[in-house]
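The values are calculated or read from the model by the stated rules, or taken from the named source; none is laboratory data. Fair warning: this is a prediction, and the values are worked out from it, not measured in the lab. Cβ coordinates were reconstructed from backbone atoms using ideal geometry, including for glycine residues, and neighbour counts include every protein chain displayed. Side chains included, ligands, DNA and RNA excluded: accessible areas come from the protein's heavy atoms. Shrake-Rupley method; radii C 1.70, N 1.55, O 1.52, S 1.80 Å.
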There are 4 protein chains.
Amino acid sequence: MNRREPLGVAVIGTGRMGADHVRRIDRVISGARVVAVADTDAERAKAVAATVDGCTAHTDPAAAMAAAGVDAVLIASPGPAHEAALLAAFERDLPVLCEKPLTPDAAGALRVMEAEQALGHRRVQVGFMRRYDAEYVKLKALLTSGQLGRPLMLHNRHRNVASPPFFTSAMLISDSVAHEVDATRWLLGQEITAVTVLRPTPSSGAPEGLSDPQFVILETSGGALSDVEIFVNCGFGYQVQAEVVCERGTARIGDGHALITNMAGRWGGIIAQDFTERFAQAYDDEVQAWVDSTRRGEVTGPGTWDGYAAAAVCEAGVRALEQGGRVDVALVDRPPLYR
Amino acid sequence: MNRREPLGVAVIGTGRMGADHVRRIDRVISGARVVAVADTDAERAKAVAATVDGCTAHTDPAAAMAAAGVDAVLIASPGPAHEAALLAAFERDLPVLCEKPLTPDAAGALRVMEAEQALGHRRVQVGFMRRYDAEYVKLKALLTSGQLGRPLMLHNRHRNVASPPFFTSAMLISDSVAHEVDATRWLLGQEITAVTVLRPTPSSGAPEGLSDPQFVILETSGGALSDVEIFVNCGFGYQVQAEVVCERGTARIGDGHALITNMAGRWGGIIAQDFTERFAQAYDDEVQAWVDSTRRGEVTGPGTWDGYAAAAVCEAGVRALEQGGRVDVALVDRPPLYR
Amino acid sequence: MNRREPLGVAVIGTGRMGADHVRRIDRVISGARVVAVADTDAERAKAVAATVDGCTAHTDPAAAMAAAGVDAVLIASPGPAHEAALLAAFERDLPVLCEKPLTPDAAGALRVMEAEQALGHRRVQVGFMRRYDAEYVKLKALLTSGQLGRPLMLHNRHRNVASPPFFTSAMLISDSVAHEVDATRWLLGQEITAVTVLRPTPSSGAPEGLSDPQFVILETSGGALSDVEIFVNCGFGYQVQAEVVCERGTARIGDGHALITNMAGRWGGIIAQDFTERFAQAYDDEVQAWVDSTRRGEVTGPGTWDGYAAAAVCEAGVRALEQGGRVDVALVDRPPLYR
Amino acid sequence: MNRREPLGVAVIGTGRMGADHVRRIDRVISGARVVAVADTDAERAKAVAATVDGCTAHTDPAAAMAAAGVDAVLIASPGPAHEAALLAAFERDLPVLCEKPLTPDAAGALRVMEAEQALGHRRVQVGFMRRYDAEYVKLKALLTSGQLGRPLMLHNRHRNVASPPFFTSAMLISDSVAHEVDATRWLLGQEITAVTVLRPTPSSGAPEGLSDPQFVILETSGGALSDVEIFVNCGFGYQVQAEVVCERGTARIGDGHALITNMAGRWGGIIAQDFTERFAQAYDDEVQAWVDSTRRGEVTGPGTWDGYAAAAVCEAGVRALEQGGRVDVALVDRPPLYR
């Protein structure tokens, strides 16, 4: 199959994350449209549905999945509701993108795995979005290339400005370090075999009773170590950093640079070789901005006057190149339309 | 107007840049579709049209613009063909995104401006895509904020690995420095009043007869200076850098970091405050990847096994947190479906 | 006391480190001179003594300490010889700079402490030279300032290109991590209360049987954690890095920058405020180079021709400033003396 | 000649720079001592002389040069006084380190050159201390190595927080850019053949009437360009940066890193290979600190307790390595002598 028509998606859960996915499918990405949403809060579901042409609102996830035109399901409801929603999607044999966690506990995840195996084919993608982050993707590619040799250790930092009021000490593991758990498994291509959690004296910036920061050590099936500083009330910013230490060098991401390596007596990064690499996103954003403003009936961005001014300056520049010295640029008066 | 249905776009020119825009509208961005393409090379037009459902191929730009469902025009033909295509679009009063240069010379640009003024409203956006690059956008926002005071100088570096065979010394100005001409005007909000071009002894890496590198000095209506190193055979990579020197500090982009400022005794950059800021693109890419693979009938990305493994590790982690010491992680055997 | 005459130093041990200290006292620093050296290898002692005017060579440390003009002792012999040398210095009540380790074991160190207490005053400085490294000094000053709040965790990396042939797994701790042990105590101002050592699968770049790398976790009396990656066969370079994570920010040193902080939404470093700060070392090196070459009867460095050329260019520059445009620089022919 | 005894130096001028050189020779570097100083301000000369054992004070430079034990002269008086002092030193055939500028004008420099040629041998080193700065030295070495190919352009930034009250527009050239004039000549190994000075609208942070910043373009005998941003009231810090653009790559210094290169698709820097390279200065500073405190009759720095604590922790660490798990560290009570 390689379908031409857009994928019809039912979005389950219209809280912060679900509503953002609806916006994303409707206005950012290509090839899909939201045809139904579901939320236990009927008003919230309706409000979100109203932002999309032809989208229906439901309170029952199964009803949303049964709506006309649904080809796939995106689950963004709270974790405890995931298992039921996944099983409902499996009943209709629909592909699913399920936000993390798959389920809050391993037992629930095992039941989901069994149900999916009963279907006989894979239907679920789990929302570990770091695997799609450009820096992580480059780090993974570098590890896969073998240039650095076998990975021995992975050092992770995960810092949030402040934790939400309901956050517990256990959630630093199950909600936050969960990302490093997947990143460790994915980057190293190994399972995790043991966990140790160390608790330094909490920061006075952390809420009373919260064990924050924590230092977590993951051991892997290949004999590697992955340590994680998790600090959810660091106060200064959101920072996700990773450094892989390999047999012949190290590579790190997340500190305001792109990927930085240590190798053979040199530290540093890659220089793009082409404007399509350096400015790919700028081209996407430019054309999206033009489409959006045109649909609104507006003209934004650089206009004809800017094109003219550039042409006039370049003409003067070419004269300056050819004859030497300084060449004045003369522009016509700026017409009212372009002021 | 705030139309719901996708914008129908005619793409004029299906060379490298035009074909890439067709792909972008079809598969990357949201809210538009390509309904017609035109190219003087009929075969090339047909080949590109065949990649998009319901897209027609033409050799005459005006015919493409007249095709059913065309709401807007994207011009990506060679520069000398722009003026005629723009005037044809004006005849139909269609909004246009015109790749740079607007026209190869100032005289042509003036004629386009006159025609647009005759329409009575603006219709043209010119493809100066640096205005949409995340780093330039941050630099512009910082200048607009006034934190650094008035800009005094702008230092630009523009380096390409190697120039194409047809490149002339004048094209270093009209084709390459053209970008810095617009960036200078946009960042400083001033017109350029004079140009000087200096020619150091050419690099031995440049083709015989090409004056490469060049050093260009732009003077502006506000008394600022903008200097440009243009070096199109630097050999080592594609690099676009800019540093604005203001009354109270400087800010630079393009050297492998994000925006770096010098201010009040400190150099450095911004730390994101939120995961939506840091990982916005990763979420977009994740959902796009899911939509794309689902439309192909495939499941890619992290799956149920990964969700289960993360749940099992986090459970062990929470136990390790609560009881202290090292806790083993026990996973079930990996079922064949997930191998 | 605030003595004017140079300090007379006996250097015990003239191996690599001892010989380097002799050179340092003789040719780099001010206010001291080497008057005696001792080494169990009499030839080596003589060879080193011969590089310094009036320096005597000995095989017995106590004899070197008894030599005429000895005011202080620098111990750079192998660790097992330290205790006896320290006690010999105490007999003469001489101040000592003792290379690390003070003694190879805690029991020996306790005996030295008892002997020093019997003297009734402190006589020993131990060679933990990281406390004198400019980056560590800045990190300590920042912690002391309280700007970042209380330290919670310290992450250390300690990497060597390759270990010497005699290196054992235990020496990664006692010889290498010993530096981080002191740095942790000094930076945090706390004692260490517990140690854990984790051993990932060794690198294939490490000698057979050597457990390299290791990951060490130090717990402190104030409830902080200090983790150390020690990797003595990393292959790519010598790297010592430290990041302190505090309640309101983090600070790190050692990755090719100076001190970098994360604080209040910004990452970055300090900009010097004055040329004396930025170029202090350059002035020291310049005058030292002049003194050294003058003592050799030579003139090196920039000379009169360079002073003349600078004056001529600056004269032209001032004319260019005043009259605008480009001003040629005319130099006299370069006289033979300056070629 | 390769003299053993310290060089006797007469320092001419005891203002800020001269007094600092006296301190440097007396307390920082090795192999020289100040035996005489001269200043037109007799009180100032006496005050400085009083800081050095056996140093005499004079008002006449020639008298200071004639004092007993003078082997060499360091001239740090104001620029207009340099010529006379140099000629006086030539009369006694004494080696001279002359602070920049050699003379304020080219004519004076020519007379000095003639006098030196009449001596028949070189006697003068001019105080262009950037040639001794570690970053410039590395940049020069990289250029000399030929790795980057021939230099084509040099971009310089020279920024001061604020200019002193007496600073004139011409002094931005003759006092500040003078450093880049020498750095350009030295780094490129070429003479400067023409100068252009551009004046953007002055910063509102500059004193009334001062043309600050300026942008200076130096052309060289080898066809290279060197541009200099000089901005002496930038407000935010003291910054000296240089980037050389060569045929096969670029290298820059001065932005808070060490030397950074762009080469063959990668940007980055060098990693030290050895602790003697990374910590050379720390060893010098450690031994100097020990000598200084010992001469004052004090013990500073890490002491016996620190040596003991490190030994005890390392013992526990080795046990932890060998037996696995967490090992407590037990320290004896800290004796009063070490509190």
Counting other C-beta atoms within 10 Å, and keeping those with at most 15, which DSSP coil chymotrypsin sites (Phe, Trp or Tyr not before Pro) do you find in the stretch D:156-203? D:Phe166
Report, to the nearest whole %, how much of the accessible area of chain D belongs to carbon and sulfur atoms, 1.4 Å probe, protein only. 53 percent
Once the label point is set 7 Å along the Cα-to-beta-carbon vector, what list of distances in nm do you get between C:Gly120 and its counterparts in the other copies? 6.7, 9.6, 10.7
Note the angle between two axes, namely the Cα long axis of helix A:280-295 and the longest principal axis of the Cα atoms of chain A, as a number of degrees from 0 to 90, rounded to the nearest 10. 80 degrees
Hey, quick one: spin label on D:Thr59, modelled 7 Å out along Cα-Cβ, who in the stretch D:11-26 has an amide N within reach, i.e. under 11 Å? none
Calculate, for C:Thr201 and D:Asp328, the FRET efficiency according to 1/(1 + (r/R0)^6) with r their C-beta to C-beta distance and R0 22 Å; round to the nearest 0.05. 0.20
One finds, for D:Ser293 and C:Asp274 with R0 = 25 angstrom and r their Cβ-Cβ distance, a FRET efficiency to the nearest 0.05 of 0.40
Test of the criteria: in the stretch D:267-304, which trypsin sites (Lys or Arg not before Pro) are in a DSSP loop and have at most 16 other Cβ atoms within 10 angstrom of their Cβ? D:Arg296
Projected onto their principal axes, the Cα atoms of the stretch C:131-270 stretch, largest extent first, over whole-Å spans of 47, 32, 26
Quick one: buried accessible area between C and D, total over both chains, 1.4 angstrom probe, nearest 100 Å²? 12500 Å²
Mind checking which aspartates and glutamates have their Cα closer than 13 Å to the Cα of C:Lys138? Skip sequence neighbours fewer than 8 apart in that chain. C:Glu243
Counting only helical runs of four or more DSSP H residues, what would the 222 nm mean residue ellipticity of the protein assembly as shown come to if each run contributes -39,500 (n - 2.57) and the total is spread over all its residues? -10000 deg cm²/dmol
Given Cα pairs under 8 Å that are at least 6 residues apart, what percent is the relative contact order of chain A? 11 percent
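Let me make sure I get this right: for the protein assembly as shown, a, b and c are the square roots of the gyration tensor eigenvalues over alpha carbons, sorted descending. Under 1.5 in a/c it's rounded, otherwise prolate if a/b > b/c, else oblate. Which is it?
oblate
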In terms of the ratio Rg/(2.2 N^0.38 Å) built on C-alpha atoms, what value belongs to the stretch A:280-338? 1.56
Filtered GluC sites (Glu not before Pro), the stretch C:147-216: DSSP coil and at most 10 other beta carbons within 10 Å: C:Glu208
Per GNM of chain B with C-alpha springs under 10 angstrom, the most fluctuating residue out of B:Phe275, B:Phe215, B:Phe128 is B:Phe275
Quick check for you: with a 1.4 Å probe and neighbouring chains kept, what is the accessible area per residue of the stretch A:280-338, in Å²? 38 Å²
Distance in nm between D:Arg111 and B:His121 label points, each 7 Å along Cα→Cβ, equals 7.9 nm
Distance between the C-alpha centers of the stretch C:232-259 and the stretch C:74-141? Whole Å please. 27 Å
Whole-angstrom Cα spans of chain D along principal axes, big to small: 77, 59, 47
Have a look at B:Val34, B:Val96, B:Val329 and tell me which one the Gaussian network model of chain B (Cα, springs below 10 Å) gives the largest fluctuation. B:Val329
With labels modelled as points extended 7 Å from the Cα through the Cβ direction, what inter-label distance (nm, one decimal) is found for B:Ser221 paired with B:Ala47? 4.6 nm
Send over the semi-axes of the stretch C:208-339's equivalent ellipsoid, whole angstrom and largest first, taken as the square roots of 5 times the C-alpha gyration tensor eigenvalues. 51, 25, 15
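Excluding ligands, DNA and RNA, what is the solvent-accessible area per residue of the stretch C:174-243 at a probe of 1.4 Å, expressed in Å²?
Details: 1620 Å² over 70 residues.
Value returned for the stretch C:174-243: 23 Å² of accessible area per residue.
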Find every distance from the label point of D:Gln281 to the corresponding label point in the other copies (7 Å from Cα along Cα→Cβ) and write them in nm, one decimal, shortest first. 0.2, 3.6, 3.6
Return one number: the angle in degrees, 0 to 90 and rounded to the nearest 10, between the long axis of the Cα atoms of helix D:82-91 and the longest principal axis of the Cα atoms of chain D. 90 degrees
What distance in nm lies between label points placed 7 Å from Cα along the C-beta direction at D:Glu91 and C:Ala68? 4.2 nm
Overall Cα dimensions of the stretch B:226-286, principal axis frame, Å, largest first: 38, 35, 16
C:Ala264 to C:Arg339: extension gain in nm, 0.36 nm per residue of separation minus the Cα-Cα distance? 21.4 nm
Plugging the Cβ-Cβ distance of B:Thr144 and A:Gln147 into 1/(1 + (r/R0)^6) at R0 = 60 Å yields, to the nearest 0.05, a FRET efficiency of 0.90
Gyration tensor over alpha-carbon atoms, the stretch A:7-127, equivalent ellipsoid semi-axes in Å: 23, 15, 12
Compute the relative contact order of the stretch A:7-127 as a whole-number percentage, counting only Cα pairs closer than 8 Å that sit 6 or more residues apart in sequence. 24 percent
Quick one: helix C:106-119 against the long Cα principal axis of chain C, what's the angle to the nearest 10°, folded into 0 to 90? 80 degrees
Residues losing 40 Å² or more accessible surface upon assembly, the stretch A:310-339, compared with the chain by itself, 1.4 Å: A:Ala310, A:Ala311, A:Val313, A:Cys314, A:Glu315, A:Val318, A:Leu321, A:Arg326, A:Val329, A:Leu337, A:Tyr338
